[in-house]
Amino acid sequence: ETGVTQSPTHLIKTRGQQVTLRCSSQSGHNTVSWYQQALGQGPQFIFQYYREEENGRGNFPPRFSGLQFPNYSSELNVNALELDDSALYLCASSSMDGTSYNEQFFGPGTRLTVL
Amino acid sequence: GDSVTQMEGPVTLSEEAFLTINCTYTATGYPSLFWYVQYPGEGLQLLLKATKADDKGSNKGFEATYRKETTSFHLEKGSVQVSDSAVYFCALLHGGATNKLIFGTGTLLAVQP
């Protein structure tokens, strides 16, 4: 069974640029959640995709957007990058059945640095 | 809104010492509670969980009990090892249609030989 993978591992961008981060969910999982972890902080929920539809969003501006594909992999897009967007971006996959919690399995993250 | 507060670190212990990392929460309803561990350069791993009041989660010698009366979920281990050095996050599952985790700020544990 393949775990959650993310690409790229590291990324350096400049202010105003756009970035796309990718996540492959674990086999059999239909839900992907994205979290932002600033240095020295806990992860903050960005949004979640369930069966290709957005299923909840945290307190992040619209320039943070996402997609989920039919194979349940996902992308996180950030437009007009700001210095404060520098963080570790974590993807987590799970298999929601709508009735109970199912464990979220985290990928290793993508470290984004905005200069 | 829902939130998690955990003791600030770093916590520095000698090998075989007793560990406690405090965690309290604020939430409506009856959340599930979790401890995650993050080793340097890695993502998050679920350490243990408890889904209802008085449940005790345990794994790899770590334990935490869901205390509804004190809204707490303190992490304990009787004898820490150098390999336990990591950042520990307390988290709760936000109720509702979204399977969203709310994390504390993390506690760095450093265990010295």
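Tabulated data
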{"quantity": "Calculated log₁₀ intensity ratio I(q)/I(0) where the Debye formula runs over C-alpha points of chain B, q = 0.12, 0.16, 0.23 Å⁻¹", "calculated": "-0.38, -0.67, -1.31"}
{"quantity": "The protein assembly as shown, Cα convex hull volume normalised per residue, Å³", "calculated": "123 Å³"}
{"quantity": "Net dipole in debye of chain A [+1 Lys, Arg Cβ; -1 Asp, Glu Cβ; about Cα centre; nearest 20]", "calculated": "360 debye"}
{"quantity": "Percent of alpha-carbon pairs separated by more than 20 Å within the stretch B:1-62", "calculated": "37 percent"}
{"quantity": "Listed residues B:88, B:57, B:71: farthest to the positive end of the dipole of the stretch B:54-113 (Cβ charges)", "calculated": "B:88"}
{"quantity": "Calculated FRET value between residue A:103 and residue A:17, using beta carbons and R₀ = 35 Å, to 0.05", "calculated": "0.50"}
{"quantity": "The stretch A:1-45: C-alpha pair distances exceeding 12 Å, %", "calculated": "72 percent"}
{"quantity": "Net dipole in debye of the protein assembly as shown [+1 Lys, Arg Cβ; -1 Asp, Glu Cβ; about Cα centre; nearest 20]", "calculated": "320 debye"}
{"quantity": "Other-chain or far-sequence residues with amide H under 5 Å of residue A:95's (modelled H)", "calculated": "A:30"}
{"quantity": "Paramagnetic reach from residue B:76 (point 7 Å along Cα→Cβ, amide N under 20 Å) across the stretch B:12-26", "calculated": "B:12-25"}
{"quantity": "Relative pair counts by distance (%), Cα atoms of the stretch A:36-115, 5 Å bins", "calculated": "3, 13, 24, 28, 18, 10, 4, 1, 0"}
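Bear in mind these aren't lab numbers, they're just calculated from the coordinates by the rules spelled out. None of the values given here were measured: they were computed from a predicted structure. Backbone-built Cβ (ideal geometry, glycine too); neighbour counts: all protein chains shown.
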